[in-house]
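Quick notes on the structure that follows.
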């Protein structure tokens, strides 16, 4: 008899990081049921994308899965709130959100590097510290399942970076 693959109720979790602007790493952190009826699978499927769209991606239940932008239908990763959905054999569907802001984070790093390089006084860092805080708030909102607020905060960060006239070399 085959065993079921089920995540404990409400315990779907993972770490999603942008390695670069065309590659993500996904590490499952879910709490899987394990007993004589249940087992943790080697792989399972998620739907990953922006908004209601998304592509099916097979991920490891143990270790890190590398996901390319092409696998989810993009040339490069778009700075946005990503929706991650999975369904288990136990008929429960889970939806989570994460902010991927590779280009924005790269621009922030370039801006800070320029400040350091020209030995800018501390008061010149004020704007970028605030922008970084808003970006962190965006990520926290996404993790709290408030995708709309997360996107609004991310858009505010992008606008403020444009106002700083950041000469971003990120692609």
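Miscellaneous remarks
- Residues located in region 89-110, provided they are surrounded by 20 or more Cβ atoms within 10 Å (Cβ to Cβ) and more than 12 Å from residue 48 (Cβ to Cβ): 99, 101, 102, 104, 107, 108
- Residue that is surrounded by the fewest Cβ atoms within 10 Å (Cβ to Cβ), among those in region 114-134 that are over 10 Å from residue 160 (Cβ atoms) and within 18 Å of the chain's Cα centre (by Cα): 133
- Residue, surrounded by the fewest Cβ atoms within 10 Å (Cβ to Cβ), within region 147-169, restricted to residues that are touching a residue at least 40 places away in the same chain (Cβ under 8 Å) and under 15 Å from the mean Cα position of the chain (by Cα): 151
- Residue 86 vs. criteria assigned to a loop (DSSP other than H, G, I, E, B), under 27 Å from residue 148 (Cα atoms) and touching a residue at least 60 places away in the same chain (Cβ under 8 Å): no
- Number of residues in region 1-19 that are outside any strand (DSSP E or B) and either without any contact (Cβ under 8 Å) to a residue 24 or more places away in the chain or exposed (fewer than 13 other Cβ atoms within 10 Å of the Cβ) (or both): the value is 5.
Results for (1) at pLDDT below 90; (2) in contact with a helix residue (DSSP H, G or I) (Cβ under 7 Å, 6 or more places away or on another chain), shown as yes or no for each residue.
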{"residue": "17", "(1), (2)": "no, no"}
{"residue": "59", "(1), (2)": "no, no"}
{"residue": "79", "(1), (2)": "no, yes"}
{"residue": "91", "(1), (2)": "yes, no"}
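- Of residues in region 20-41 being modelled with pLDDT under 95 and exposed (fewer than 12 other Cβ atoms within 10 Å of the Cβ), the one farthest from the chain's Cα centre (by Cα): 36
- Criterion: surrounded by fewer than 16 Cβ atoms within 10 Å (Cβ to Cβ), in the same structural domain as residue 37 (by TED's automatic domain parsing) and within 15 Å of the chain's Cα centre (by Cα) - qualifying residue of 84, 66: 66
The values are calculated or read from the model by the stated rules, or taken from the named source; none is laboratory data. The shown structure was predicted, so the numbers you read here are calculated from the model rather than taken from an experiment. Reconstructed Cβ throughout: ideal geometry from the backbone, glycine too, with neighbour counts over all protein chains shown.
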